[in-house]
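In what follows, a single structure is set out as structure tokens and then discussed.
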Amino acid sequence: MSNVKSIKSAAKEAKLRLKNRFWEDYKKEVDSGVKTAEEEGISSSGVKKYFRNLVIKNLMGVSEEEEKFYIKVRDMLDVEKSLPNDALDKLMDKNEFNSLSYEARERYLFKLAEKYLKAVDRYKKERGIELALGR
């Protein structure tokens, strides 16, 4: 029964997007981005992929925790202007880390490093296109 509700809620959300001209606005934004990219000599496929990823994140939703972590990484990279050597140290929860056993600390660092690399990859993709589009 809960699956039916999720389908109903997804259908309501889709109908609301249609009513609010979501797709028309999206198309205009993509066309504008592609035009700017072509004027700047940038591949239009990269711009289209950028906007597609934004819509997917918007529709699918990104967990609040993931988004907060990304914002923290983004802000750090904006300030540093390069990849800092002590990024994991800046991102880790030191109280939690110090309370863990040796093996748990290793797992914590590996998971944190994986999240950090994903955030850096997202940052490079988004910032590259945003800078090219003058945003």
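Before moving on, here are some points about what is shown:
- Across segment 106-119, rounded Karplus estimates of 3J(HN,Hα) from the backbone phi angles (6.51 cos²θ - 1.76 cosθ + 1.60, θ = phi - 60°) give 4, 4, 4, 5, 5, 5, 5, 4, 5, 4, 5, 5, 5, 5 Hz, Gly and Pro being marked x.
- With the whole protein complex present, residue 64 retains an accessible surface near 130 Å², based on a 1.4 Å probe.
- Shape class of the chain from the alpha-carbon gyration tensor: oblate, with a/c at 1.5 or above and b/c at least as large as a/b.
- Viscosity 1.567 mPa s, 4 °C: Kirkwood-radius Stokes-Einstein D of segment 1-53 over Cα pairs, µm²/s: 100 µm²/s
- Rounded FRET efficiency, nearest 0.05, which uses the C-beta distance separating residue 126 from residue 35 and R0 of 22 Å: 0.70
- Accessible area, probe 1.4 Å, largest first, for residues 42, 7, 56: 7, 56, 42
- Label-to-label distance, nm, for residues given as residue 14 and residue 118 (7 Å Cα→Cβ offset): 2.6 nm
- Cross-link pairs exceeding 21 Å in C-alpha to C-alpha distance, out of 68/94; 48/111; 12/118; 28/49; 68/124, comprise 48/111; 12/118.
The values are calculated or read from the model by the stated rules, or taken from the named source; none is laboratory data. Quick caveat: nothing in here was measured; it's all calculated off a predicted structure. Virtual Cβ from ideal backbone geometry, glycine too; neighbours counted across all protein chains shown. Keep in mind that these areas ignore ligands, DNA and RNA; they rest on the heavy atoms of the full protein, side chains included. Shrake-Rupley method; radii C 1.70, N 1.55, O 1.52, S 1.80 Å.
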